[in-house]
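The values are calculated or read from the model by the stated rules, or taken from the named source; none is laboratory data. Here the structure is a predicted model, which is why all the values come from computation and not from measurement. Cβ placement follows ideal geometry from the backbone for every residue including glycine, while neighbour counts extend to all protein chains displayed.
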Amino acid sequence: MTRISLLVNGKPVKAEVEPRTHLADFLRERLSLTGTNLGCEHGVCGACTLEIDGAPARSCITWAVACDGASVRTIEDFDDDPVMAELREAFTAEHALQCGYCTPGMLVTARDIIMRLPDADEARIRKELSGNLCRCTGYMGIVRAIRCVLDERKAHAR
Amino acid sequence: MEGTKKGVGARLPRKEDRRFLRGQGEYIANIRLPEMLDVAFVRSPMAHGRIRSIGKPPGFDASVFIAADLAGVEPIRAVSGLKGFKISEQPVLATGKVRLVGELVAMCVAATRAQAEDIADKVELDLEELPAVVDMIAARTQPPALVHEEWGDNVYLESLVDDDLQAIKRDAAVTVRRTIRTARQHISPMEGRGVVCEWNRRLEQLVMYSATQMPHINRAGLSECLGIDQGSIRVISPDVGGGFGYKGILLPEEICLAWLCRKLGRPVRWIEDRREQLSANANCREHHYDITAYADAKGRLLGIECEATVDSGAYSSYPFSACLEAAQVSSILPGPYKMERYRCRTWSVATNKAPILPYRGVARTGVCFALELVIDAIARELKMEPHAVRLANLVQPGEMPYLNITKKHFDSGDYPEAVRRAAKMIDVAGVRARQKRGEPDGRRIGLGFAIFCEQAAHGTSVYFGWGIPMVPGHEQCSARLSPDGVLELRIGAHSHGQGLETTMAQVAHSILGIDPENVRLVHGDTGLTPYSTGTWGSRCMVMSGGAVATACEQIAGRVKAIAAKLFEVSAIDLVLERGEVRVAGTDRRMTLSEIAHVWYRKPQLLPADVDPAGLETTAGYKAKVDTGTFSYACHAATVAVDTETGHVEILDYVIVEDGGTLVNPMIVDGQVFGGTAQGIGTALYEEMPFDEQGQPLATTLADYLLPGPTEVPSIRIDHIETPSPYTFFGQKGIGEGGAIAPPAAIANAVNDALAPLGVEITESPLMPRRIAEAVMRKRA
Amino acid sequence: MKAVAFDYARPRDVAEAVRLLAEGGDRAKCMAGAQSLGPMLNLRLVQPELIVDLRHIEELRATEDSADAVTFGACVTHSEIEDGRVPDPTRGLMREIATNIAYRAVRNRGTIGGSLAHADPAADWPSVLNLLGATVIAAGLGGRKNFPIGKFLTGLFETALQPGEILVGICVPKLPARARCGYWKFCRKTGEFPQAIGGALDDPERGAARAVIGATRGAPYVIGDARALINSPDEARLLAAADAAGLEGDSYSRKLHAVALRRAIERLAA
């Protein structure tokens, strides 16, 4: 067992973990943060995407022990985030989710696109979203929702 | 009835979004019970073998269980009453033989899944390899082995729809014969299966949480295999992360865990991981067609004959059985077309692969692929536009309702209009001009169409003939207006993405005027809901929707009876709107919650003859006919084919869809888009290949490619709304349609692009390798 | 799909890392971004007893910008290169390559050194760095060694690293002003590993004309003198190159690699 100390959703967490525990399992099983879903455990589907030190990462192939000293944000930490609030509203308006399983990872990636690529066009949005698979929506609503938020933010910036 | 702002017809945003957008969904893997243990299975590494021995690792006797330990547990038997159907017995843990890679051999339990896997790694399996039955044609004609020795062959079922085609063979101006293959696929919802079982001491009941589309059916199956009455079992399906048919099954894992939790006296959990999913459960879409079409010089179909084979895997899955898809092929192959003669023989064949499940669209995707490719081949021979050949053969709107050549009763619709609109949207003339101009990058442009009609919500008389363990008959809804005016609806169907919590509330709003925010849907729990065969076959909006509407009508009657007394008017003078009861032509009104308050808290004010059943009812529903509804759609695609690499880019994709009255058009669009994305996967990306030993070769998502946002284009959709005469609001089942046409539309587009090279592809998926090799062969 | 149990060590510097790996022998594996190692661990394709985490060694995260080269620490991430947060010696080529590696979440953790040390033939950096004539710096108990990239990548998942050695840096010479580069890869879907990679470099100042065929069954195949090929990329020459890269068995794969190479040459741009 290894002792780790990290920030999770802004709160300091200390725990003893088996090194083989990946970050997603640590968050889900030990901290009951079940918003992060597991879809493949080999880094392809993106369902487990969350933020580590401010950047989206796949929690299924990141080890909890490797996050000693890091700051982790899961979907649960974005309840009061203004950009995420815009995204949630857009996701509902554009029907960007059906079963909801890919949604937390999709939202983290979507927020990253909005923060990092404010001028992204549809082709770029689709490319940047490629690491998040959805089996329900055909991506139509998700892409529209992200476009809506980008367009609104541009309009407000002017 | 209330208008369309929040009721039937409204693009109402979904209520369930709230929890999913904040990561508050409760999926099976989120359920944790005190003292719960985790299970990992030892699965067969071999497709076909005799079990010599299974060695439990020393010191782990109490943690490892094999078939011999599960005394009294019956194998899974999905029967069918169809003549000649052979029953397969699927032991929940392998006994005697293993019949597919991934078959359960042993169950290991520990405090964590990782530790359970450690134990599983130590189990010693001694198997004697047997020849694997991999190719479905050889399985029937030259079997290398028998999957079920007692059968004498590898055929679950053979079916024949017979007809005499002599005359049309003679008269046909065009004869087109093709061999068409569609690959085995994996349904791949984002969430896999999962089971949590515990024994409830107070209720003396096994409680099984399972990500399932049909909790009541799982309960029945568990009862049969465990030998306990259904009352001793409660199945709860929580939030489900996608189903598409994958979760419409009684699992051996469910039975094993149910047995285990009693044995250990502790809750147990198994969560399917992606490798288990892919390697053990690729279970759909693998068809083979030898199809011949006869047409006259104007492209009118005279008749079709076909021999079709479905690779149904090693066992009949419960409840659908291995008869479903192959027998369905012969009844639906004619599609939405008219013809004079039709002959079709099918085989459902056993192989050493996972048991087949009905994946969105079921056999329709395969038959649409086979028939629509042949229609285009006819068009090429006659030098007609492919959409014109379709127009020459589709059932006409004036002929509705129409009984087709296989006695399918098409309820309503304008099939030719769907094709005309799609042709306009895709701009046939524009694409033809572009093809003539040629592309600066050398790619070849092609255009393809596909049209289908989809039977849904069909009932007893259609299914009873199949004799499977599940016959959908009536559907019920329990409704209760609570003391504070909230309407609780309980249905036995379940959501796995289609938004029933919202759409059923819209139905309630249309009948009762109650705000959808004040409607709560309870579903997925056998302890709380009326019996239902569940969510599959695009049946919920018709069946559960009809039951909800009927129950709401009854509640409306009860509410009006009470209000009539309180207002001292006649019930017919009352209007239900905006959550209130109002006396028509006046401003006298009461809220539903005030009425409820009277019933629950002030019975002294009720009419003397008030129905003592009060504000609670269970109502049943059956559609006017058992033959179901027929939604339909025409898909059209423009593609660019890179003939050097074989890569296909979809440049434009249009859909003209008719689902009758749409309860929530936004949700309908979502279903169509999602289905189309899966269809694009079927067309271009998804294949589970097997080697000669029956080893699945695409066991991670790096090999089994699911389409992402750059593979699925932006899709344009138009709607026709021809109500069904047979359902409550005229709605039709539409959930599967999107997944039916894309392989045909895209293959037709690719073949249109490659026609000048004399290349035609008749096998899906249209992988780059397949296309490029076909082009290279032609050039050589 | 859970990994086998292993111990975890987080060395503070290269010397400690090397010592831990040397002691661990083949029971130890080092880990940087874990984007390749992670899946292998979860799938139990590797079952180490010790994981040595290199990500927190400052030296490995640093970049050195000198007159004629940039030396990247092994743990510089793809997204740092993509974003231009580290210098780009190739006037934009490396940034563009990085942008098209996998997906952003992978690029945020995956490292250039990890990619090279893993030596997956279908990864981008092995082919690109061969094209650019990079030098790999390795550290072991005996000190540091330099390898020309062509000598470093030796086969399918094989490098010249000996047990106990780690890759610490990659030195990429700065591209002269008149040098042109072309790169083209064929992926079945966005972000997945390519089926074929082609690369070409035309550097008149240093008199170099190089081509590379990647995503083969072994190390990237480098054509040291590709002048004739670049001048006239006819089918015969291209197919011969593909054959020499070991692809003669499979006519589609051979054709695909030839096409990738041709398209890379067509894209030679300043």
Worksheet item: out of contact with any strand residue (DSSP E or B) (no Cβ under 7 Å at 6 or more places or on another chain) and within 14 Å of chain A (Cβ to nearest Cβ) - does that describe any residue in region B:737-754?
Response: yes
Worksheet, complete the sentence: Taking region B:194-237 and keeping only residues that are assigned to a loop (DSSP other than H, G, I, E, B) and crowded, with 24+ Cβ neighbours inside 10 Å, one is left with B:Ala211, B:Thr212, B:Gln213, B:Met214, B:Ser237
Worksheet item: Taking region A:126-138 as the region of interest, how many residues are away from chain C (no Cβ under 12 Å) and not charged (D, E, K, R)?
Response: 4
Item to complete: Among the residues of region C:6-31, write down those that are assigned to a strand (DSSP E or B) and either within 14 Å of chain B (Cβ to nearest Cβ) or under 24 Å from the mean Cα position of the chain (by Cα) (or both).
Response: C:Ala28, C:Lys29, C:Cys30, C:Met31
Worksheet, complete the sentence: Inside region B:204-261, the number of residues satisfying the requirement of being within 22 Å of B:Ile491 (Cα to Cα) and among the aliphatic types (A, V, I, L, M) is 14
Discussion item. Among the residues in region A:95-102, are any farther than 26 Å from B:Glu501 by Cβ and surrounded by 24 or more Cβ atoms within 10 Å (Cβ to Cβ)?
Written reply: no
Discussion item. Looking at region B:49-65, can you tell me whether even one residue there is under 24 Å from B:Ala220 (Cβ atoms) and of a type in the set (A, V, I, L, M)?
Written reply: no
Practice prompt. Would you point out which residue out of C:Arg254, C:Arg237, C:Arg263 is within 25 Å of B:Thr643 (Cβ to Cβ), touching a Phe, Trp or Tyr at 6+ places or on another chain (Cβ under 6 Å) and not aliphatic (A, V, I, L, M)?
Written response: C:Arg263
Discussion item. With the structure loaded, tell me whether B:Thr346 is among the β-branched types (Val, Ile, Thr), in contact with a Pro (Cβ under 7 Å, 6 or more places away or on another chain), closer than 30 Å to B:Thr535 by Cβ and at pLDDT 95 or above or whether it fails that test.
Written reply: no
Worksheet entry | Search result, residues across region B:673-694 that are facing chain A (nearest Cβ under 8 Å) and aliphatic (A, V, I, L, M) | B:Ala677
Worksheet, complete the sentence: Scanning region B:345-358 for residues that are surrounded by 24 or more Cβ atoms within 10 Å (Cβ to Cβ) and either of a type in the set (Ser, Thr, Tyr) or not in a loop (DSSP other than H, G, I, E, B) (or both) gives B:Thr346, B:Trp347, B:Ser348, B:Val349, B:Thr351
Item to complete: Being surrounded by fewer than 23 Cβ atoms within 10 Å (Cβ to Cβ), of a type in the set (Val, Ile, Thr) and more than 15 Å from B:Glu488 (Cβ to Cβ) narrows it down to one of B:Thr533, B:Thr586, so name that one.
Response: B:Thr586
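Of all the residues that make up region B:69-84, how many are of a type outside the set (Lys, Arg) and either without any contact (Cβ under 8 Å) to a residue 40 or more places away in the chain or more than 19 Å from B:Val462 (Cα to Cα) (or both)?
The first filter runs over region B:69-84 and keeps only residues of a type outside the set (Lys, Arg), leaving B:69-76, B:78-82, B:84.
Cutting the leftovers down to either without any contact (Cβ under 8 Å) to a residue 40 or more places away in the chain or more than 19 Å from B:Val462 (Cα to Cα) (or both) gives us B:69-76.
Residues flagged as of a type outside the set (Lys, Arg) and either without any contact (Cβ under 8 Å) to a residue 40 or more places away in the chain or more than 19 Å from B:Val462 (Cα to Cα) (or both) within region B:69-84 amount to 8.
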Practice prompt. Determine, yes or no, whether B:Arg364 is closer than 30 Å to B:Val147 by Cβ and surrounded by fewer than 21 Cβ atoms within 10 Å (Cβ to Cβ).
Written response: no
Worksheet item: Residues of region B:3-39 being farther than 18 Å from B:Ile236 by Cβ and part of a helix (DSSP H, G or I), which ones?
Response: B:Asp17, B:Arg18, B:Phe20
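Hey, among B:Ser478, B:Ser544, B:Ser510, which residue is of a type in the set (Gly, Ala, Ser), out of contact with any strand residue (DSSP E or B) (no Cβ under 6 Å at 6 or more places or on another chain) and modelled with pLDDT of 95 or more?
From the options B:Ser478, B:Ser544, B:Ser510, the qualifying one is B:Ser510.
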Item to complete: Go through C:Ala34, C:Ala3 for me and flag whichever is among the small types (Gly, Ala, Ser), at negative phi, within 14 Å of chain A (Cβ to nearest Cβ) and not in a helix (DSSP H, G or I).
Response: C:Ala3
Discussion item. If I filter region B:537-550 for residues that are assigned to a helix (DSSP H, G or I), out of contact with any Gly (no Cβ under 9 Å at 6 or more places or on another chain) and aliphatic (A, V, I, L, M), do I get at least one hit?
Written reply: yes
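Hey, any hits in region A:141-155 for a residue that's without any contact (Cβ under 8 Å) to a residue 12 or more places away in the chain and farther than 13 Å from C:Tyr103 by Cβ?
yes
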Item to complete: Count, please, the residues in region B:695-719 that happen to be touching a Ser or Thr at 6+ places or on another chain (Cβ under 9 Å), at the interface with another protein chain (Cβ under 7 Å from one of its Cβ atoms) and not β-branched (Val, Ile, Thr).
Response: 5
Worksheet, complete the sentence: Filtering region C:145-178 down to residues that are surrounded by fewer than 20 Cβ atoms within 10 Å (Cβ to Cβ) and aliphatic (A, V, I, L, M) yields C:Leu156, C:Ala160, C:Ala177
Worksheet item: So which of B:Glu149, B:Glu89, B:Glu158 is buried (at least 17 other Cβ atoms within 10 Å of the Cβ), closer than 27 Å to B:Leu357 by Cβ and of a type in the set (Asp, Glu)?
Response: B:Glu158
Worksheet item: From the residues in region B:16-51 that are farther than 15 Å from A:Leu33 by Cβ, of a type in the set (Asp, Glu) and touching a residue at least 60 places away in the same chain (Cβ under 8 Å), which one is farthest from the other protein chains (Cβ to nearest Cβ)?
Response: B:Glu35
Worksheet item: Which residue out of A:Glu29, A:Glu16, A:Glu51 is touching a strand residue (DSSP E or B) at 6+ places or on another chain (Cβ under 6 Å) and farther than 26 Å from A:Lys127 by Cα?
Response: A:Glu16
Discussion item. Touching a Phe, Trp or Tyr at 6+ places or on another chain (Cβ under 9 Å), aromatic (Phe, Trp, Tyr) and surrounded by 20 or more Cβ atoms within 10 Å (Cβ to Cβ): is that true of B:Tyr704 in this structure?
Written reply: yes
